[in-house]
Amino acid sequence: MKFVEILLLSLVPTFEGRYAIIYGLAKGYPMLETLSASVLGVLILSITLPKLLPVIDVIMDKLKGTGLKPFADLYTSYLERTRKKAKPYVERWGFLGLMIFVAIPLPGTGIWTGALASYLLGISERASIPALLIGGLLSVMITAFPAIGYLKI
């Protein structure tokens, strides 16, 4: 059950694997189980989000003509913020920029935002999936080491 809890948390936007691992370790969950669930979440998001975002875009477009328009407007607002935030990284550094943007363990970065940015900026799935995966794993490592106690900050 602990594995599922960490896995589900690692799929939540902005929380993702980087904070799920801290949560699990703080709760005293086994390190290997927590790390495995966080990494699995990174893998799932990195592979599925680039494929799902075009579908989500179509759904949100259809919602604009319904009573759920505020939800669709919120999504559109999030798209614009993401585009502005990630564009400098991706335009200047390409693959490496996307990977670094995802790896930075701060709110407003991560796999969800990186996948959205790569979609908005027209980066192919073939290029974005490895950048999201490597960046997500780096983010987990950046947050895991201090949480485990290997690195004192």
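The values are calculated or read from the model by the stated rules, or taken from the named source; none is laboratory data. The structure presented is a predicted model; accordingly, all values stated were derived computationally and were not measured. Because the Cβ atoms are built from the backbone with ideal geometry, glycine has one as well, and the counts that use them run over all protein chains shown. Side chains included, ligands, DNA and RNA excluded: accessible areas come from the protein's heavy atoms. Shrake-Rupley method; radii C 1.70, N 1.55, O 1.52, S 1.80 Å.
With the simple spin-label model, which puts each label point 7 Å out from Cα in the Cβ direction, the Glu33 to Leu52 separation comes to 2.5 nm. Going by alpha carbons, how many degrees (0 to 90, nearest 10) lie between the helix axis of 125-148 and the longest principal axis of the chain? With rounding to tens, the tilt is 40 degrees. GNM remark for the chain: springs join alpha carbons under 10 Å apart, and the peak mean-square fluctuation among Leu32, Leu11, Leu96 falls on Leu32.
When the Gaussian network model of the chain links Cα atoms closer than 10 Å, the mean-square fluctuations of Val12, Val55, Val102 top out at Val55. Based on DSSP H runs of at least 4 residues, each adding -39500 (n - 2.57), what is the mean residue ellipticity at 222 nm of the chain after dividing by all its residues, to the nearest 500 deg cm²/dmol? Result for the chain: -26500 deg cm²/dmol, rounded to the nearest 500.
Here's the picture: charge each Lys and Arg Cβ at +1 and each Asp and Glu Cβ at -1 in the stretch 1-151, and of Ile134, Ser10, Phe95 the one pushed furthest to the positive end of that dipole is Phe95. Please report how far the C-alpha centroid of the stretch 124-145 lies from that of the stretch 45-75, rounded to the nearest whole angstrom. Here the two parts' Cα centres lie 23 Å apart.
The fraction of all Cα pairs in the stretch 1-151 landing in successive 5 Å bins from 0 to the largest distance is 2, 11, 19, 20, 18, 14, 10, 5, 2, 0, 0, given as whole percents. Remark: the stretch 4-122 carries a charge dipole of roughly 340 debye about the Cα centre, counting +1 on each Lys and Arg Cβ and -1 on each Asp and Glu Cβ. Rolling a 1.4 Å probe over the heavy atoms of the protein chains gives the stretch 2-153 an accessible area of 54 Å² per residue. Surface composition of the chain: carbon plus sulfur atoms hold 72% of the accessible area, using a 1.4 angstrom probe and ignoring ligands, DNA and RNA. Axis of helix 111-120 versus longest Cα principal axis of the chain: the two differ by about 30°, to the nearest ten degrees. Across Leu45, Leu68, Leu25, mean-square fluctuation computed from a Gaussian network of the chain (C-alpha pairs under 10 Å connected) peaks at Leu68. Only Cα pairs under 8 Å and at least 6 apart count here; give the relative contact order of the chain as a rounded whole percent. Value for the chain: 29 percent.
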